[in-house]
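Some notes on the structure that comes next.
Please treat every number below as a calculation from the coordinates, not as lab data. As the structure is a computational prediction, the values presented were derived from the model and not from experiment. Here the Cβ positions follow ideal geometry from the backbone for every residue, glycine too, while neighbour counts run over all protein chains shown.
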Amino acid sequence: MVELDQQAVGRLSRMDALQNQAMAKAQQTRRDLEALRLRAALDRMAEGEFGYCEDCGDDIPRRRLDLDPAASKCVSCAAG
């Protein structure tokens, strides 16, 4: 018969819970940042600035906007 060390199981459960909590928090942070990016894109649409790079003012290629509608920079400026 195998006996379980209840303290070890409890520690693992706490570690698992902490890891799950950290992952949920990180996921919520990513969702919040994406929501901010999309709101900023909607603001650019309302201002007539959507589709133009916020750094250089050039057009952001349509294909880039198709892939990421919240893109606010052209490829050159985004690359740095």
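The charge dipole of the chain, taken about its Cα centre with unit charges on the Cβ atoms of Lys, Arg (+1), Asp and Glu (-1) only, comes to about 180 debye. A Förster radius of 25 Å, combined with the Cβ-Cβ distance separating D58 from N20, puts the computed FRET efficiency at roughly 0.05. Please name which of F50, I60, A22 has its Cα lying farthest along the dipole of the chain towards the positive end, using unit charges on Cβ (Lys, Arg +1; Asp, Glu -1) and the Cα centre as origin. The listed residue farthest towards the positive side: A22. Compared with the dominant Cα axis of the chain, that is its longest principal axis, helix 6-46 is turned about 10°.
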